[in-house]
Amino acid sequence: MSFRAILSLPSMVLLAACAGGAPPPPPVPGTTSAPPGMTVGGPSDAAFAIASAAPAARTSAAPAAVLAQGLKETSAWFASGMTAEGPAFTATLDAKGRAKAEVTLHAGTCYVIVGFSPDGKVADFDIRLWKTAKGSAPSLVAEDGDDDTTPTIGKPPICPDPDTPYLLELHADRGSGDVAVQLYAKAR
């Protein structure tokens with residue numbers, strides 16, 4: 001390889017890395033989104049396998065008072081101007097325990113998903129949203145991995161097109177106890 005060829009290879013790599021237009025927007029703290037079309041999970045992916053094997057969360061039109069109040073206060077901050085859609089999902093999780101809920105997000109509607117666990121219970125409550133559309137491998141769409149009791153997905157809101165099925169994973173990363181998750185929606 002000549003000296004000229006050695007110099008052109010890094011130049012080509014640099015050009016390839018810089019091509020493609022504007023850089024993506026910076027991530028929102030606590031939320032991780034997979035790039036469009038990127039499959040992070042799948043049938044053989046351990047993370048999705050664990051999430052899909054979790055027991056189903058309970059649906060509750062009126063969760064326990066402390067959970068309902070926590071969802072109300074958290075949604076006032078993260079889902080302002082949106083209304084609760086459907087029942088809340090609740091679970092009692094052991095440390096490192098999981099629960100799941102199957103949800104469909106509808107076209108023409110934007111969503112924020114808010115979770116809550118009372119102080120002193122699940123000290124690190126996380127949620128993940130997995131796209132499970134037929135004909136494609138499941139993929140991780142978003143997660144809130146902040147070390148807190150109020151996980152939120154949808155900063156900015158998720159606005160699917162068309163109607164899309166998802167698996168919502170609830171995870172007690174540290175601590176154990178009662179948790180609740182509520183979808184909030186508004187027209188696009």
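Derivation of every value follows stated rules applied to the coordinates shown; laboratory data play no part. Remember, predicted model here, so these are calculated numbers, not experimental data. Neighbour counts are summed over all protein chains in view; Cβ atoms, including those assigned to glycine, are modelled from backbone coordinates with ideal geometry.
Which aspartates and glutamates have a Cα less than 13 Å from the Cα of Lys186, not counting those fewer than 8 places away in the same chain?
Answer for Lys186, where 13 Å is the Cα cut-off: Glu85, listed by chain and number.
Which lysines does Lys121 reach when only Cα atoms under 23 Å apart count, and residues fewer than 8 places away in its own chain are ignored?
Partners found: Lys72, Lys96, Lys100.
Quick one: dipole size for the range 77-188, taken about the Cα centre, charges +1 on Lys/Arg Cβ and -1 on Asp/Glu Cβ, in debye to the nearest 20.
On the way: 11 positive and 16 negative charges, 72 e Å.
Charge dipole of the range 77-188: 340 debye, to the nearest 20.
Tell me which of Ala123, Pro87, Gly145 sits at the most positive position along the dipole axis of the range 87-188, charges placed on C-beta atoms (Lys, Arg +1; Asp, Glu -1).
Looking along the dipole axis, the top candidate is Pro87.
With the crude spin-label approximation of a point 7 Å out along Cα→Cβ, what separation in nm comes out for Ala47 versus Glu102?
It works out to 2.3 nm between the two label points.
Can you give the net charge of the other residues whose Cβ lies under 15 Å from the Cβ of Ala84, counting K and R as +1 and D and E as -1?
0
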